[in-house]
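Everything below concerns the one structure shown next.
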Amino acid sequence: MSALLQATGLVKHFPAGKPGLFERAPQVVRAVDGVDLSVAPGETLALVGESGCGKSTTGRLILRLIEPDAGTILFQGRDLRREPPARLRELRRDMQIIFQDPFGSLDPRMTVGRIVAEPLVVHGVGTTAERARRVAQLLERVGLAPAHAARHPHEFSGGQRQRIGIARALALDPKLIVCDEPVSALDVSIQAQVLNLMLDLQRERGLGYIFISHNLAVVRYMANRIAVMYLGKIVEEAARDDLFAAPQHPYTKALLSAVPEPGSARAKQRIVLTGDVPSAIDPPSGCRFRTRCPHATETCARLEPALTPVADGRNVACHLVTPPGHA
Amino acid sequence: MTAEAPAIAAPTPLWRRLLNHRSFMFGLTLFGSVVLVALLADLIAPHDPLKNNFRYRLGEPNDIHWLGTDRAGRDVLSRIIHGSQVSLRIGLMVVVVTAVFGAVIGGLAGYFRKLDNVIMRVMDAMMAFPGILLAIAIAAVLGPSEFNAVLALAITYTPRTARVARAAVLVVREMPYVEAARAVGAGHMRILLTHVLPNGLTPLIVQLSYIFAIAILAEAVLSFIGVGPPPPLATFGNIIADGRDYIQEAPWICLYPGLAIAITVLGLNLIGDGLRDALDPRMKVDLR
């Protein structure tokens, strides 16, 4: 498979609390603890999970906005973690990010024109006049007017700002965009407009998306494949329709059962998880989900289940689905 | 095609908030008139500030010498007018030097977290000395001159400015738009200059308006104890120092330059308070 992006064994442990001058950090938060994922050109991979499960961190590790502690990231066949800083800068042209917060992610002191042109300036693309033309095109493409370039971000609504963020991400014609909860801060009525814009752009330019979200309805609309994360690990990965039709991991089942389905005749039995997400500083032994899993056995406490292929393009990490010693 | 409401109402512009801030406008008037007097010193001073007139020593205020004369018969009013020029110049230079070094040092400490501990412990050590004592010590070692006074005061107040700058940078560096700039491939220099500096500037400006006031006051202290710009040059501090032996017979020599300092410092402090309110009402500046 010629993946656009292939990440293997991503690990990020954050020190818990600030180390003092003379002491070492005592604990680590295992935010991301061995994540593999791949994205094909033109494909949308969704990362879903509860808040704090490490999905945003994973997105940032892939872009090396946060430095991974371990793992390899192959982007278009090149190992991002081995590229020297200058080459990494070049590679950044092809991978961009859209942020969750449409208010914080645009510099309030800059005009929209300067914000959208910044990627071009940083990479030395074009003359001032050419850049202005490109900014006008980009603004038009995302549904704003070229005249908006002279305004400041505070003059725009949340949805419009997110369009500005999208225009900035598109400026360098990237191949992969990490979308970190791109619509979760927007009104529901605006969400669909922005999502449709993103789908149109994907079709038009063959963009690969890593779509990070906790909103399963949105994910269902956007994704080709879905990876479900729990406490820093992927517990199940499958094509969208397979996952929604027949979730296999108990956590995925519980997540899906929480999605309201309007107009659905079938009465769903809701699987209610008890307890809180355990701390990522001291995750449970064996399977991380066992403390909240209705089917947990003694094996789950002893052995950590590996993400195992169970069908074509489908991976599950659960002893119930693939009993230990089975593979 | 965008069906969204065009925009949230823009916040009241800064200058409008300042115009409506009464104590800011009062401070601006006070300080503005001092600046005007300093700029026009050569035109409006009635006498030569250095010209001795021993026949008329310690003269009381009268029609010719409105604020009296000092021990050498020099016109106190003219000396205050010319002294304001020197005192403001020293204050301004201290502000400029402090701003540059404070912003650079504080900016580096706040942005590059590995430097933080080292830089800020050095700054803390400098701040452990009471400000004016440190300035006196440095000025005494360097010798009395206008340049050395500026240097001593700048060294003294740079750590305080650096601390404010660092705090501002710590806030701005975590903003999503800084991460956005990194994602785009922007280098540290670009991020510091185009994103961090403009967005972290406001607390620094407030701090600097207070530093200006404190520097003028501190210059007077340095001159008073004889480690400031040497006499016969007129500065607020020098005039008072000249008059201190005659405070019983000729109180006007000390009184009027003292008033001039009070007006200048009050004006600057009101400006600082107004800026602080207008820029961010929650911000508190702690200056000891």
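None of the figures in this text is laboratory data; all of them are computed from the coordinates on show. Note that the coordinates shown come from a computational prediction; the quantities given were computed from them, not determined experimentally. All Cβ positions, even for glycine, are placed from backbone atoms using ideal geometry, and neighbour counts span all protein chains on display.
A few remarks follow.
- Evaluated over chain B, the Cα radius of gyration and Dmax, each in Å: 22.7, 87
- Cys residues of the protein assembly as shown counted as unpaired, since no other Cys beta-carbon is under 4.7 Å: A:Cys53, A:Cys179, A:Cys293, A:Cys318, B:Cys254
- Per residue of peptide A:91-100, the mean number of Cβ atoms on other chains within 10 Å of the residue Cβ is 3.
- For segment B:130-206, the Rg and Dmax computed from alpha carbons only, in angstrom: 17.5, 52
- Shielding of A:108-118 by partner chains, average beta-carbon count, 10 Å: 3
- Approximate spin-label separation B:Ile132-B:Leu50, in nm, with each point projected 7 Å along Cα-to-Cβ: 2.9
- Three-way shape label, segment B:224-282, alpha-carbon gyration tensor, a/c 1.5: prolate
- Of A:Lys233/B:Lys114; A:Lys233/A:Lys253; A:Lys55/A:Lys175; A:Lys55/A:Lys253, those spanning more than 22 Å from alpha-carbon to alpha-carbon: A:Lys233/B:Lys114
- Once C-alpha pairs closer than 8 Å and six or more residues apart are averaged by separation and normalised to the residue number of segment B:51-165, the relative contact order reads 25 percent.
- Take each residue of peptide B:170-182, count the partner chain Cβ atoms within 10 Å of its Cβ, and average: the result is 6.
- Summary value for chain A: 20 percent relative contact order, contacts being C-alpha pairs under 8 angstrom separated by 6+ residues.
- Cα shape, segment B:1-123, gyration tensor, a/c 1.5 rule: oblate
- log₁₀ of I(q)/I(0) at q = 0.15 Å⁻¹ - segment A:102-243, Debye sum with one point per alpha carbon: -0.78
- Taking only the Cα atoms of segment A:129-184, the ratio Rg/Rh comes out at 0.97, with Rh defined as the Kirkwood radius.
- C-alpha long axis of helix A:188-205 to longest principal axis of chain A, angle in °: 80
- Chain B: calculated mean residue ellipticity at 222 nm from DSSP helix runs of at least 4, using -39500 (n - 2.57): -22500 deg cm²/dmol
- Compared with the dominant principal axis of the Cα atoms in chain A, helix A:158-170 is inclined by about 80°.
- Remark: the protein assembly as shown projects, on average over all directions, an area of 36.1 nm² (convex hull of Cα atoms).
- Distance (nanometres) between label positions extended 7 Å along Cα→Cβ at A:Ser279 and B:Leu43: 7.2
- Student exercise, segment A:170-327 dipole from Lys, Arg, Asp, Glu Cβ charges, in Debye to nearest 20: 380
- Three-way shape label, chain A, alpha-carbon gyration tensor, a/c 1.5: prolate
- By the count of other C-beta atoms within 10 Å, a proxy for reagent exposure, A:Phe103, A:Phe75 are ordered fewest to most as A:Phe103, A:Phe75.
- Gaussian network model of chain A, Cα within-10 Å springs - most flexible of A:Thr127, A:Thr291, A:Thr72: A:Thr127
- Relative contact order for chain B, counting Cα pairs under 8 Å that sit 6 or more residues apart, in percent: 26
- Residue with peak Gaussian network fluctuation, chain A [Cα springs, cutoff 10 Å], from A:Gly77, A:Gly143, A:Gly124: A:Gly124
- Fewest-first ranking of A:Lys233, B:Lys51, A:Lys175, using other Cβ atoms within 10 Å as the exposure measure: B:Lys51, A:Lys175, A:Lys233
- Among A:Ser105, B:Val96, A:Thr58 - extreme Cα towards positive end, dipole of the protein assembly as shown, charges at beta-carbon: A:Thr58
- Rg ratio (alpha-carbon, reference 2.2 N^0.38 Å) - segment B:59-131: 1.93
- Relative protection proxy for B:221-233, B:205-217, from highest mean packing down: B:205-217, B:221-233 (other beta-carbon atoms within 10 angstrom).
- DSSP beta bridge pairing in the protein assembly as shown, given as percent antiparallel to the nearest 5: 60
- The residues B:Trp15, B:Trp252, B:Trp66, when put in order of fewest to most other Cβ atoms within 10 Å, stand as B:Trp15, B:Trp66, B:Trp252.
- Rounded to the nearest Hz, the phi-derived 3J(HN,Hα) couplings of segment A:110-123 under the Karplus curve 6.51 cos²θ - 1.76 cosθ + 1.60 (θ = phi - 60°) are 9, 6, 4, x, 5, 4, 5, 7, 4, x, 5, 5, 4, 9, where x marks glycine and proline.
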